[in-house]
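Participant: Shown below is the structure under consideration.
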Amino acid sequence: MTAYELLATDGSARRGRLHTAHGAVETPVFMPCGTYGTVKAMTPAALETVGTQILLGNTFHLMLRPGDGVVRDLGGLHRFMDWPRPILTDSGGFQVFSLGDLRKISEDGVVFRSPVNGDRVPLTPERSMEVQRNLGSDIVMVFDECTPYPASVAEAERSMALSLRWAARCRRAYPTGGPGHLFGIVQGGMHPGLRRQSLEGLGEIGFEGYAIGGLSVGESKEEMDAVLVALLPLMPRDHARYLMGVGTPEDLLRGVELGVDMFDCVMPTRNARNGYAFTSRGTLKIRNARHRTADRPLDAECGCYTCTNFSRAYLHHLDKCGEILGSMLMTNHNLAYYHGLMARLRASIETGTLPTLASTLRDGWTALDEPF
C-alpha cells in the first residue's frame, strides 16, 4: 500500500488518507507540537479527546534529553509517552540552525554547542536518521538547512544544494521500506526557480512524501503565498504535501485551498498559554478586563470540554492568577478548534462545498473586535 491515498478534490484542495504503522491519518490534518515528548498542558488522553490524529516530536531536543538511546531502550517514543497514534519527527535541522554562533556548518553536517550543558554535539544526516529510527517515528524528516530569510539567490542556491546532498544521504541511511515514511523537504527561499530545482532534485531521489520548508521564518504573508502558488501545482499528486511551521487558522484554510495536506505549528498551544483563544469569531485575549464578568463560553459554536463547562470569566480568573488549569483549558479549546476546523475542511472537500465554507469562516474571523 502506498503512503498516501487521494480520495477527493475540490479545486486544488485535496482530501486524502496517509497510511502509517500506527494507523491512518485523514487529511488535510493539523499536527500539534510535542517537542519534548509531550504537548504542553495536554495529557495523551486529552489529545485524543479533542481529535488529535498525529503529533510532532522534536529530534533535536529528544536527542539531548533524555537521549534517543534511552527512548529506544524504553520501547520507542510511542510507548515512552503513551501515545498510540502516529508520530512525525522533524530532523533537528531547524533547531540547530537557529543556534546561530553556537553551531558550525560543513559538508558533513553540523557541530553545535548543546544548549543543555555546552557540550560539542555533531549532527549529520546519518545521525538524524539514526535518532529518528531510535525514536520509532512513523514519519521521518530529512536533515536539511533551513534557508535563512532574507537570502539572496546565491545564498539560497548554496543552501538548497547542500540540503539536496544531505537529502540523498538521508535516503541511503533510511531506505524505502523502513519502519517509517521518509519525507523530503523543499528549500530555495523566496525564489521560485530554486524551489522548482529543489523539488526536482528530491523527486529524483524519491521520497514517500514532500514537505515545504523555509516558510513562516519572517517573510510576509504575500511572499509565502507566492511561493505556495508557484510550488504546489508542481508537487507530486500521489504523495502527501506538508507545509512546515504554519500557522494561523487563516493560514491553514489558505494552504488547504492551494493543495496542502499537513500542517504543524506551536501557535494554538503557545498562544493558549499566553491567554489567546482561537474561535469562530476570530481571536480573543482572555486576560482583557472585558471578560472578567462574562458568563459565556469562549466560542458558542464549540462543543469542547472547556466551552461546555467553563465561562470566560472563570478562564479570565485562572489566567490572572497564573493557574496551570488555565493553560490546560485554553490549550484544550484551541486544539479542539483547530482539529474541528480541519474536520470541516475535509468534509467540505468531499461534498464540493469548500468555497462556501471558506467564505463563512472568513466572515466569522473578521467579525470580532479583538483581531490577533
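Computed from the coordinates by the stated procedures, all read-outs in this text should not be read as laboratory data. Bear in mind that the values here come from a model prediction, so they are computed numbers and not experimental data. Note that each Cβ is placed from the backbone with ideal geometry, even for glycine, and that neighbours are counted across all protein chains shown.
Participant: Please identify the cysteines of the chain that lack any partner cysteine with a Cβ under 4.7 Å from their own Cβ.
Facilitator: C33, C146, C170, C265, C304, C321
Participant: Using DSSP to call loops (not H, G, I, E or B), can you name the GluC sites (Glu not before Pro) in the stretch 83-188 whose Cβ has at most 11 other Cβ atoms within 10 angstrom?
Facilitator: Here the sparse-neighbourhood loop sites are E107.
Participant: Non-local amide H neighbours of H181 (under 5 Å, H modeled in plane, Pro and chain starts lacking H): which ones?
Facilitator: I139, V140
Participant: Turning to a different aspect of this structure: Would you mind working out the magnitude of the charge dipole of the chain relative to its Cα centre, with +1 at each Lys and Arg C-beta and -1 at each Asp and Glu C-beta, to the nearest 20 Debye?
Facilitator: Magnitude of the dipole: close to 640 debye.
Participant: Compute the long axis of helix 249-258 from its Cα atoms, compare it with the longest principal axis of the Cα atoms of the chain, and write down the angle in degrees, 0 to 90, nearest 10.
Facilitator: With rounding to tens, the tilt is 50 degrees.
Participant: If I fit a long axis through the Cα atoms of helix 221-231 and take the longest principal axis of the Cα atoms of the chain, what angle between them do I get, 0 to 90°, rounded to 10?
Facilitator: That helix lies at roughly 50 degrees to the long axis.
Participant: OK, next. Using the Karplus curve 6.51 cos²θ - 1.76 cosθ + 1.60 with θ = phi - 60°, work out ³J(HN,Hα) for each residue of the stretch 98-115 in order, rounded to whole Hz, and write x for Gly and Pro.
Facilitator: Calculated HN-Hα couplings, in order: 7, 7, x, 5, 7, 9, 10, 9, 9, 4, 5, x, 9, 10, 9, 8, 4, x Hz.
Participant: Any idea what Rg and Dmax come out to for the stretch 1-81 if you just take the C-alpha atoms, in Å?
Facilitator: Reported Rg and Dmax, both Å: 15.1, 47.
Participant: Which distance in Å, rounded to a whole number, links the C-alpha centroids of the stretch 83-104 and the stretch 309-372?
Facilitator: 28 Å
Participant: Taking N as the number of residues in the stretch 289-331, what is its Cα Rg relative to 2.2 N^0.38 Å?
Facilitator: That works out to 1.05 for the stretch 289-331.
Participant: Amide H to amide H, which residues 5 or more places from G16 or on other chains are under 5 Å from it, using H placed in the peptide plane?
Facilitator: L7, T27
Participant: While we're looking at this one, here's another question. Pop a pseudo-label 7 angstrom from the Cα along the beta-carbon direction at both L99 and T293 and give the gap in nm to one decimal.
Facilitator: 5.4 nm
Participant: Hey, another quick one. Going by Cα centres, the stretch 2-39 and the stretch 151-191 are how many Å apart?
Facilitator: Spelled out, the Cα-based centre of one part sits 21 Å from the other.
Participant: What would the Debye equation give as log₁₀ I(q)/I(0) for the stretch 272-365 at q = 0.21, 0.22 Å⁻¹, counting only Cα atoms as equal point scatterers?
Facilitator: Log10 of I(q)/I(0), two decimals: -0.96, -1.02.
Participant: Any idea what Rg and Dmax come out to for the chain if you just take the C-alpha atoms, in Å?
Facilitator: Looking at the chain, its Cα Rg and Dmax stand at 20.4, 60 Å.
Participant: Go through the stretch 69-83 residue by residue and turn each phi into a ³J(HN,Hα) via Karplus (6.51, -1.76, 1.60, θ = phi - 60°); whole Hz please, and just put x for glycine and proline.
Facilitator: Ordered by residue, 3J(HN,Hα) equals x, 5, 4, 4, 5, 9, x, x, 5, 4, 6, 4, 9, 6, 10 Hz.
Participant: So how do S216, S359 line up by other beta-carbon neighbours within 10 Å, fewest first?
Facilitator: In increasing order of surrounding Cβ atoms, one gets S359, S216.
Participant: Only loop residues by DSSP count here, and only those with at most 15 other Cβ atoms within 10 Å; note down the GluC sites (Glu not before Pro) in the stretch 278-364 that meet that.
Facilitator: The qualifying sites are E301, E323.
Participant: If each DSSP helix of 4+ residues adds -39,500 (n - 2.57) and the sum is divided by the residues in the chain, what number results at 222 nm, nearest 500 deg cm²/dmol?
Facilitator: -12500 deg cm²/dmol
Participant: Show log10 I(q)/I(0) for the stretch 73-159 at q = 0.26 Å⁻¹, two decimals, from a solvent-free Debye sum over equal Cα scatterers.
Facilitator: -1.26
Participant: Count the net charge of all other residues whose Cβ sits under 13 Å from the Cβ of R120, scoring Lys and Arg as +1 and Asp and Glu as -1.
Facilitator: +2
Participant: Ranking S137, S98, S152, S159 by Cβ neighbours within 10 Å, fewest first, what do you get?
Facilitator: S152, S98, S159, S137
Participant: Work out from phi, with θ = phi - 60° and the Karplus expression 6.51 cos²θ - 1.76 cosθ + 1.60, the ³J(HN,Hα) of each residue of the stretch 290-304, listed in order in whole Hz, and give x for Gly and Pro.
Facilitator: Result, rounded to whole Hz: 4, 8, 4, 10, 7, 8, 8, x, 4, 9, 5, 8, 9, x, 5.
Participant: Counting other C-beta atoms within 10 Å, which of R103, R237 has the fewest, and how do the rest follow?
Facilitator: Taking fewest neighbouring Cβ atoms as first place, the list is R237, R103.
Participant: Does anyone have the angle between helix 324-351 and the longest principal axis of the chain? Alpha-carbon axes, 0 to 90°, nearest 10?
Facilitator: On a 0 to 90 degree scale, this one is about 80.
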